[in-house]
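Notes for the one structure printed next.
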Amino acid sequence: DYTPALEKGVEYSIKEAAAKEKEIRSRDTLTAEEKKSLEFYISVQIVLQGVIAYAGNLSRRAASLADDEKDPVKRKVLKEMSKICARVPAKPARTLREAVNAIWIIQIAIHAESINIAMSPGRLDQVLYPYYKQDIENSKITVKEALELVGCLWLKINDNTNLVPETAEELFGGASTVPAVTLGGIDEDGNDAVNDLTYIMLRVTELLMTRDPNVNARYNYKKNSYEYRNRLAEVVYTTKAIPAFYNDIAAIETLVNQGVKREHANDYAIIGCVELASAGRSYDSSSSVMLNLVSALELALYNGKRPATGDEQISPETGDPESFTSFEEFRQAFIKQLKWLMGQAIELNEYFGMAYQEVLPSPLLSVFFKGPMESGKDLIFGGALYNASGATHIGFADTVDSLSAIEQAIFVDRVCGFDELKKALKTDFTRHARLHSYLINRTPKYGCGDPVSQGNASALILFLYEEYQKHVNYRGGKYRPAYWTMTNHAGQGKIAGALPSGRKAGKVFASGITPASQVADDLASCLKSVARLNTLFIPGGLALNLKYPSIYGDEDIKRFSDAIEAYFRYGGLQVQFNIMSYEMLIDAKNNPEKYPELLVRVSGYSAYFKDLNEEMKNEIITRTEYSLRNGAATRFRDQ
């Protein structure tokens with residue numbers, strides 16, 4: 001939350017920390033906690049003085065460049081830069097330009113202190129609007145100049161990229177640092193928060209079409225206008241991928257259910273990909289755990305072993321499925337394996353957290369959250385008002401479809417037993433074509449509205465929610481389950497064997513919470529299946545990926561936005577789009593030089609299509625394509 005820094009300047013925070021330090025030092029004896037607080041307040045002063053020194057260096061450099069500049073226009077710009085950096089973020093911002101520069105300088109400083117991933121500047125249309133409004137009213141800025149200023153900020157955010165090892169690129173292909181900007185929705189008091197700056201930021205997003213910032217649009221169908229809703233649809237039509245849409249009604253209730261005060265929940269923003277957080281109040285390590293659900297399914301099928309690791313006993317034995325006489329027995333084996341995996345992941349995360357407490361506190365980041373300055377606790381020790389840890393899940397649809405296939409094939413239709421099924425899986429369905437065809441075409445699939453698959457999906461969502469919520473993290477908060485996958489569904493799919501759903505070995509998993517590609521035959525069934533999942537049990541957020549081949553004219557834009565609202569009214573939490581056809585994406589894969597800046601929505605973030613690995617490109621190509629005119633799915637030509 002940058003608002004206090006803009007309103008008071010960071011010099012105010014230095015004075016506040018100095019006063020707290022003095023008060024603690026005045027005590028006769030200090031407890032261990034008080035000594036930690038003393039260290040915290042001293043650290044805050046040091047790091048904020050560092051930020052001011054950095055801004056001062058920028059100011060002097062701009063002045064030096066101005067002295068050498070012959071062009072009078074550029075010289076004037078550099079002199080103004082020098083003045084601005086000499087003032088902010090040390091002192092309160094007085095104009096939109098000062099406020100934007102203050103935010104960017106602080107953002108750079110935070111990246112110097114912390115891991116450079118998902119440091120999200122939040123609801124910038126709300127934070128910066130008072131400065132824009134004041135400048136417009138006082139004729140200090142034009143709309144054109146405001147567009148240029150926001151555009152410069154977007155470009156700077158987009159220019160910040162991590163270097164990662166090749167292995168990480170396999171799992172997070174095409175990902176940048178994913179700083180999320182959240183627009184629209186309602187304010188803390190529940191009123192329509194869409195303003196002129198919201199539209200300016202949408203226009204900049206439309207004009208630049210950059211990978212970052214990760215722009216997310218909140219929509220409250222009770223408070224926001226249809227004009228705003230349709231404008232969001234127009235921006236997606238232009239960019240073909242951004243922004244993502246969030247249902248204010250569902251998101252706010254989900255956070256309130258987590259103990260977040262309603263006015264704080266009303267002021268939620270997105271972390272990184274799709275994770276929900278009250279802006280500047282929730283220090284949520286939202287990707288603490290990335291858990292592959294298919295691994296738990298394979299451990300249940302092979303009694304604690306996985307095809308990828310051969311005969312190694314990885315987890316406790318839960319019984320040979322060939323001895324099971326009911327689907328419930330297998331489901332319980334799967335749950336036991338999943339619970340074991342969750343326990344391992346949580347234990348590891350707790351060790352990581354305690355290591356961070358010892359070697360990498362974050363006093364600078366702590367200044368820009370509510371709680372630490374009052375309590376004297378660094379964020380890493382639980383200083384924020386809310387302190388969740390997130391656990392996201394990979395292979396959701398593939399796991400649900402496999403559970404449903406086992407239930408149907410072995411215990412309802414009795415077309416095979418576990419022995420034959422496992423033989424087929426181990427040979428990737430070689431010489432088992434008939435069984436493979438049955439599993440693909442005759443077993444229930446998530447996304448089609450089938451009650452069996454919907455029941456298995458809902459049961460899995462409920463189990464994960466209840467199990468995670470039992471655990472308290474090292475900062476005193478709960479674990480929150482989520483369903484977004486970045487490109488992990490491609491990387492993890494490469495090392496998984498064939499599945500009972502009919503998916504073959506090494507193929508990518510379905511993304512996020514999206515049904516498997518080429519499964520749901522119509523848009524309405526797909527949207528209803530996802531919306532029926534209780535979003536109170538998905539506090540970490542979800543990514544639903546949809547694809548339309550094209551949008552033509554105002555009538556299609558209205559259809560597009562009507563479908564989003566219908567999904568939201570049905571209970572859907574989030575949705576994002578790629579507006580591109582199978583043919584266009586195949587052409588982009590084969591002729592990348594023709595599409596150098598084609599932006600695609602992956603699973604919670606945007607990437608340039610050419611930067612993705614082959615598996616991820618193929619996954620986006622084969623995602624089900626729906627017609628906006630009649631909602632029907634168009635089959636991919638090779639399916």
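The values are calculated or read from the model by the stated rules, or taken from the named source; none is laboratory data. Computed from a predicted structure; not experimentally measured. Because the Cβ atoms are built from the backbone with ideal geometry, glycine has one as well, and the counts that use them run over all protein chains shown. SASA here: full protein model, heavy atoms, side chains in, ligands and nucleic acids out. Shrake-Rupley method; radii C 1.70, N 1.55, O 1.52, S 1.80 Å.
Would you point out which residue out of ASP554, ASP562, ASP521 is over 28 Å from SER286 (Cα atoms), within 25 Å of the chain's Cα centre (by Cα) and either without any contact (Cβ under 8 Å) to a residue 12 or more places away in the chain or open to solvent by 60 Å² or more (accessible area, probe 1.4 Å) (or both)?
Working: ASP554 fails: within 25 Å of the chain's Cα centre (by Cα); ASP521 fails: within 25 Å of the chain's Cα centre (by Cα).
Being over 28 Å from SER286 (Cα atoms), within 25 Å of the chain's Cα centre (by Cα) and either without any contact (Cβ under 8 Å) to a residue 12 or more places away in the chain or open to solvent by 60 Å² or more (accessible area, probe 1.4 Å) (or both) holds for just one of ASP554, ASP562, ASP521, which is ASP562.
Cβ-Cβ distance below 8 Å, separation of 6 or more or different chains: which pairs start in the range 448-468 with a residue that is open to solvent by less than 40 Å² (accessible area, probe 1.4 Å) and end on one that is among the acidic types (Asp, Glu)?
Partner pairs satisfying both residue conditions: SER453/ASP401; ASN456/GLU407.
Restricting to the range 284-315, and then to whatever is among the acidic types (Asp, Glu) and surrounded by fewer than 18 Cβ atoms within 10 Å (Cβ to Cβ), can you tell me which residue is nearest to GLY390 (Cα to Cα)? Outline the logic, then answer.
Let us first name the residues in the range 284-315 that are among the acidic types (Asp, Glu), namely 284, 298, 311-312.
Restricting the remaining residues to those that are surrounded by fewer than 18 Cβ atoms within 10 Å (Cβ to Cβ) gives 311-312.
Numbers: ASP311: 32, GLU312: 29 Å.
That would be GLU312.
Being surrounded by 21 or more Cβ atoms within 10 Å (Cβ to Cβ) and either aliphatic (A, V, I, L, M) or touching a helix residue (DSSP H, G or I) at 6+ places or on another chain (Cβ under 6 Å) (or both) is the filter here; which residues of the range 599-614 pass it? Write out each step before concluding.
First, the residues of the range 599-614 that are surrounded by 21 or more Cβ atoms within 10 Å (Cβ to Cβ): 600-607, 609, 612.
The answer is VAL600, VAL602, ALA607, PHE609, LEU612.
Among the numbered criteria (1) open to solvent by 40 Å² or more (accessible area, probe 1.4 Å); (2) touching a residue at least 40 places away in the same chain (Cβ under 8 Å); (3) at positive phi, which single criterion is violated by LEU58?
Failing condition for LEU58: (3).
Please work out which one of (1) free of Cβ contacts under 8 Å to residues at least 40 places away in the same chain; (2) touching a helix residue (DSSP H, G or I) at 6+ places or on another chain (Cβ under 7 Å) is the condition MET373 fails and give its number.
Result: MET373 fails condition (1) only.
Right, GLU98: in a helix (DSSP H, G or I), on the phi < 0 side of the Ramachandran plot and surrounded by fewer than 16 Cβ atoms within 10 Å (Cβ to Cβ) or not? Walk me through it before giving the result.
Values: in a helix (DSSP H, G or I): yes; on the phi < 0 side of the Ramachandran plot: yes; surrounded by fewer than 16 Cβ atoms within 10 Å (Cβ to Cβ): no.
Answer is no for this residue.
If I ask for residues that are under 23 Å from ASP267 (Cβ atoms), modelled with pLDDT of 95 or more and aliphatic (A, V, I, L, M), which ones from the range 112-147 would you list?
LEU124, VAL127, LEU128
Please state which one of LEU435, LEU385, LEU360 is at pLDDT below 95, open to solvent by 10 Å² or more (accessible area, probe 1.4 Å) and touching a helix residue (DSSP H, G or I) at 6+ places or on another chain (Cβ under 8 Å). Even if it seems obvious, please write down each step before you answer.
Details: LEU435 fails: at pLDDT below 95; LEU385 fails: at pLDDT below 95.
Sole residue among the options that is at pLDDT below 95, open to solvent by 10 Å² or more (accessible area, probe 1.4 Å) and touching a helix residue (DSSP H, G or I) at 6+ places or on another chain (Cβ under 8 Å): LEU360.
Suppose we filter the range 211-240 for residues that are open to solvent by less than 20 Å² (accessible area, probe 1.4 Å) and in a loop (DSSP other than H, G, I, E, B); how many remain?
If we filter the range 211-240 for residues that are open to solvent by less than 20 Å² (accessible area, probe 1.4 Å), which is where we start, we get 212-220, 224, 228-229, 232-233, 235-236, 239.
With the extra rule that they be in a loop (DSSP other than H, G, I, E, B), the set shrinks to 212-213, 220, 224.
Number of matching residues: 4.
Here is a check on your reading of the model: is SER404 open to solvent by less than 50 Å² (accessible area, probe 1.4 Å) and among the polar types (S, T, N, Q)? Reasoning before the result, please.
Values: open to solvent by less than 50 Å² (accessible area, probe 1.4 Å): yes; among the polar types (S, T, N, Q): yes.
So SER404 fits the description; yes.
Listed here are the residues, each with its yes/no results for (1) at pLDDT below 95; (2) charged (D, E, K, R).
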{"residue": "ALA265", "(1), (2)": "no, no"}
{"residue": "GLY272", "(1), (2)": "yes, no"}
{"residue": "LEU276", "(1), (2)": "no, no"}
{"residue": "ALA279", "(1), (2)": "no, no"}
{"residue": "VAL294", "(1), (2)": "no, no"}
{"residue": "GLU298", "(1), (2)": "no, yes"}
{"residue": "ASN303", "(1), (2)": "no, no"}
{"residue": "ASP311", "(1), (2)": "yes, yes"}
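What residue, of ASP125, ASP135, is part of a helix (DSSP H, G or I), closer than 25 Å to SER278 by Cα and touching a residue at least 12 places away in the same chain (Cβ under 8 Å)? Even if it seems obvious, please write down each step before you answer.
On the way: ASP135 fails: closer than 25 Å to SER278 by Cα.
Testing whether each residue is part of a helix (DSSP H, G or I), closer than 25 Å to SER278 by Cα and touching a residue at least 12 places away in the same chain (Cβ under 8 Å) leaves just ASP125.
Tally the residues that are of a type in the set (Phe, Trp, Tyr) and within 16 Å of the chain's Cα centre (by Cα), restricting the search to the range 565-583. It would help to see each step written out before you state the result.
The initial filter retains those residues of the range 565-583 that are of a type in the set (Phe, Trp, Tyr), namely 567-568, 570, 577, 582.
Keeping just the survivors that are within 16 Å of the chain's Cα centre (by Cα) gives 577.
Matching residues across the range 565-583 total 1.
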